[in-house]
1. Quick one: which of K54/K169; K339/K413; K300/K410; K285/K335; K339/K410; K88/K228 span more than 25 angstrom between C-alpha atoms?
2. May I ask for the net charge around P246, where only other residues with Cβ less than 14 Å from the Cβ of P246 are counted and Lys, Arg are +1 while Asp, Glu are -1?
3. Hey, got the dipole for region 351-415? About the Cα centre, +1 on K and R Cβ, -1 on D and E Cβ, debye to the nearest 20?
4. Starting with the highest mean, order 279-292, 367-380, 84-97, 310-323 by the number of other Cβ atoms within 10 Å, averaged over the residues of each peptide.
5. Can you list residues from other chains, or at least 5 along the same chain, whose modelled amide H is less than 5 Å from the amide H of E210?
6. In nm, give the distance between the simple-model label positions of E31 and L365, each being 7 Å from the Cα along the Cα-to-Cβ direction.
7. Counting other beta carbons within 10 Å of each Cβ, put R325, R46, R173 in order, fewest first.
8. Whose amide H sits under 5 Å from the amide H of L176, counting only residues 5 or more places off or on another chain, with H placed in the peptide plane?
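Read-outs throughout are calculated quantities, based only on the coordinates presented, and are distinct from any laboratory measurement. Please read all numbers here as calculations on a predicted model, not as lab measurements. Positions of Cβ are backbone-derived with ideal geometry, glycine not excepted, and every protein chain shown enters the neighbour counts.
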Amino acid sequence: MAINKQNWNSKTKTTSLNNLNFKEGGKLTYEVARVIDIILDDSHPRFNEVGGWKGVRSIIFSSKDINFSSDGAIAYPLNPQIKTTPLKEELVLIFTLPSTEANTSFSGNKKYYLNTINLWNSPHYNGYPNLNKKTGNLNNTSNNYLLSSQGVQNTPNIISNEIPNFEEKGNLRPLLTFCGDSIYEGRFGNGIRIGSTFKSNSTYKNNWSEGTQTQNGDPLIIIRNGQKESKEAGFIPITEDINEDPNSLYFTSTQKIPFKENIEDKFNQKTNWKFRPISPKNFDKSQIIGNSDRILFNAKTDSLLFGAQKNINFSCIEDININSRNLYTDYNNIKLGGKDATESLIKGDLFLDNLEIVLNNLSVLCDALQSSNLWPEGVPVPNNPVITTSINLKSSVEGFVNQINSYKSKISKTI
């Protein structure tokens, strides 16, 4: 990556990047080109030609005319941080700019491409039909795209059926932009909105700007993967819906999010709340809300920590399972079975130890009773009912004492 300063300053070489052959009349030049193919991995026949993995995301393009189908020139991605790869048949801007040979060659430049041209104002696909192709019904293709430009939904797969592993979907709608929003949208109904409260008068509104506490400009971030099913045309904008989008993560400041899943109701009747939480749909301070079919947290090498000033609540319809080598609780008031539980738990070890003493004394008493006599007319006669009872009681006592340690839990302990 180092520049050879000696060559850079040589009289036989150019002394400024601005003097290289990528400008005409002192102005940076560009061209519009059609993407013919994209080199994504080592399975592409021209993989080595573009420098192997260093040339991944290079495109093969045609710039003779946007209706020509082949040319074969190579262009490399311009932005090194943000990777937005075009698809076949989309149009891009091509610039000629310095290459790694810029310090040793007067013609040390190469082609770079900028993002896809936003022909149809769609984050999903912006292909433009090659009207000179001799396959298919060109009139229908041209008419379909003409109607699309006039507001009629494009018919899926008019040209994108030639793109491997990509299926054009006519019902994927772009996110509606509000004043000041920064939005990054993928092609597949996923995106990030860095926005704020905006109380719009448009027909299409958002559902996070209601309420008196939140004001225009209060910050908000929404991360969404997938969008709810819709029968609207693909060019009609849409806003995020935490209840119907497949996955959502909301970072709020003052906004009330109309989350339909009322968590509070799930344990409202069984929990003795000291500080009853405000439901998400009524909470108007900063909060983070995640909603999905399944959520997994995993700490690979250390800890998973939860902390709250008031409540931590776990609730579900079926089971809550806790698996751990050790489980500790440190509370002043624990109620098992419900908020109205009043019966105290017994300290098992202390109780059984004292009970063992009582049982041993009872066993001694049974031994004494086994010699009990009756004295009818002054003659001693064995008291068989007492003796039999004492023998049976001693047997029961000894059986209990012999198993007394088995009654103690090996897992649960209390103080």
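1. K54/K169; K300/K410; K285/K335; K339/K410; K88/K228
2. Neighbourhood net charge equals -3.
3. Roughly 400 debye, rounded to the nearest 20.
4. Details: 279-292: 14.6, 367-380: 10.6, 84-97: 19.6, 310-323: 7.7.
The densest-packed peptide leads the list: 84-97, 279-292, 367-380, 310-323.
5. Under 5 Å from the amide H of E210: K256.
6. Between E31 and L365, the label points sit 10.9 nm apart.
7. Numbers: R325 4, R46 13, R173 22.
By the 10 Å Cβ count, ascending: R325, R46, R173.
8. Hits under the 5 Å cutoff: I238, T239.
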